Amino acid sequence: SGSTHPQSSPKSTTTIQTPQQPPKPPLNGPHLSTMLQSLDPMGSYALDPEAEEQLLALTNDFTNDIIRKSMMLAKHSSRKKVDVKDVAFILKKQYGLTVPGLAGGFSGLT
């Protein structure tokens, strides 16, 4: 007689579809602390954890929005590469922000 081990049946796997996880924030807590230290070398101020969390979320959302809209602009122009002109255009048209020198001399932003 052979072994009496029960036959192992393949385990069923349940995959839960979750919304695409947003990318990690471009800044993290240590970066914010470094920025605070550069603005306040005497160390008079500290960043409240809730304020830090809000700044990180805002930065992440802002950056993701700019990248997504810049990608759409590049796609509209039949390009697969987002360039500085795309970013400058989105910053100007969507947010009213002009960053000197960002557009590389692109005059179409006025």
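Just give me the residues in the range 38-55 being exposed (fewer than 11 other Cβ atoms within 10 Å of the Cβ) and either of a type in the set (S, T, N, Q) or in contact (Cβ under 8 Å) with a residue 24 or more places away in the chain (or both), in sequence order.
Result: Ser38, Ser44.
Given the structure, is Leu58 in a loop (DSSP other than H, G, I, E, B), free of Cβ contacts under 8 Å to residues at least 12 places away in the same chain and open to solvent by 70 Å² or more (accessible area, probe 1.4 Å)? Judged against the criteria, Leu58 is not a match. Can you tell me which residues in the range 39-50 are outside any loop (DSSP other than H, G, I, E, B) and closer than 28 Å to Leu102 by Cβ? Matches in the range 39-50: Leu39 only.
The values are calculated or read from the model by the stated rules, or taken from the named source; none is laboratory data. All values derive from a computational prediction rather than experimental measurement. So basically every Cβ, Gly included, is an ideal-geometry build from the backbone, and we count neighbours across all protein chains shown. Each accessible area value is taken on the protein alone, full model and side chains, heavy atoms only, with ligands, DNA and RNA left out. Shrake-Rupley method; radii C 1.70, N 1.55, O 1.52, S 1.80 Å.
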